[in-house]
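Working notes, beginning with the structure itself.
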Amino acid sequence: MALMDTSFIFVALVFVLAGMVKGVTGMGLPTVAVALLTLKMPPLEAAALLIVPSSVTNVWQLAAGPALYPLWRRLRPMLLAVCAGTALAAVLAGAGNGARDDAAWSGAVLGLALLAYGVLGLAGWRWQVAPRAERWLGPLAGFATGALAGVTGVFVMPAAPYLQALALEKDDLVQAMGLAFTVSTLALAVMLAYQGAWHAAAAGASCLALLPAAGGMLLGQWLRGRMAPALFRRCFFASLLALGAHQCLRVFTG
């Protein structure tokens, strides 16, 4: 796979938009990028493009936070479970029925995940995890996130809602998401390399995609102080809902 297999302008604009969303909200780069790129390619091919932009922007995000080591200790069971879930997805994919079936299955799961994430975001549903429940709920959320990432290339569900339910301070939450998404991206990269989808051509295309993603993130950080975050989030989740519905219709009616 190479960046020029599809429209260069389309891919660049996707990563500018995805980076902008991440700059405003602290998340959303892989979600937006994969959701839009799958209009042109299978989900895991799209995931291979986002490895470098996602890794760099997530490290950028987690490095800017106030307390990395305490967050690492608190979230370590969840993060290890993310790796385990991604590994299981890789093993199951290796025993699949073929590339066409795998692509259809990935597209269906991605569409449903986007629908669920969009509905939750628009509903504004909030919950809180009791400290005693973190011991078992964190690994469960991490494993489910890794398994879904291994199928769809998107690693926000259910990790993002879980982290939002930990009652972290704003800066700690942004840093926790950066940490979780960094580990998820690296686990996904290992899985794609295992499957042969992460190679020199994919790595080169992913490095090129870093430029528009970084530009978009800088734009998003500039916009964050100049627009209503609530309005931006509603537009973000409504867009995910529409993309998820489109993905499901394409898979189930195609």
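Quick notes on this structure:
- Of everything listed in (1) in contact with a helix residue (DSSP H, G or I) (Cβ under 7 Å, 6 or more places away or on another chain); (2) more than 21 Å from A46 (Cβ to Cβ), the single unmet condition for P131 is (1).
- Residue, modelled with the highest pLDDT, within segment 69-78, restricted to residues that are under 10 Å from D172 (Cβ atoms) and either hydroxyl-bearing (S, T, Y) or surrounded by 15 or more Cβ atoms within 10 Å (Cβ to Cβ) (or both): R74
- Each residue in segment 149-189 was checked for being among the small types (G, A, S), surrounded by fewer than 22 Cβ atoms within 10 Å (Cβ to Cβ) and at pLDDT 85 or above, and 1 pass.
- Residue in segment 227-245 that is crowded, with 22+ Cβ neighbours inside 10 Å, under 30 Å from L140 (Cα atoms) and in contact with a Leu (Cβ under 8 Å, 6 or more places away or on another chain) present: yes
- Tallying residues that are under 19 Å from R74 (Cα atoms) and buried (at least 18 other Cβ atoms within 10 Å of the Cβ) within segment 106-136 yields 1.
- Only one of the numbered conditions (1) touching a helix residue (DSSP H, G or I) at 6+ places or on another chain (Cβ under 9 Å); (2) farther than 21 Å from L110 by Cα is not met by D171, and that is (1).
- Pick from segment 138-148, criterion of a type outside the set (S, T, N, Q) and closer than 20 Å to V174 by Cα, ranking: surrounded by the fewest Cβ atoms within 10 Å (Cβ to Cβ): P139
- Matching residues, segment 106-137, being part of a helix (DSSP H, G or I), modelled with pLDDT of 85 or more and out of contact with any Leu (no Cβ under 7 Å at 6 or more places or on another chain): L112, A116, P131, R132, A133, E134, R135, W136, L137
- Residue in segment 211-220 that is farthest from L37 (Cα to Cα), counting only those that are buried (at least 20 other Cβ atoms within 10 Å of the Cβ) and among the small types (G, A, S): G220
- Where M41 falls short, out of the listed (1) modelled with pLDDT under 85; (2) surrounded by fewer than 19 Cβ atoms within 10 Å (Cβ to Cβ); (3) assigned to a helix (DSSP H, G or I): (3)
- Segment 190-210, subset in contact (Cβ under 8 Å) with a residue 60 or more places away in the chain and more than 21 Å from V11 (Cα to Cα), residue surrounded by the most Cβ atoms within 10 Å (Cβ to Cβ): M191
The values are calculated or read from the model by the stated rules, or taken from the named source; none is laboratory data. Note that this is a predicted model, so its numbers are computed, not measured. Ideal geometry is used to build each Cβ from the backbone, glycine not excepted, and the neighbour counts take in all protein chains shown.
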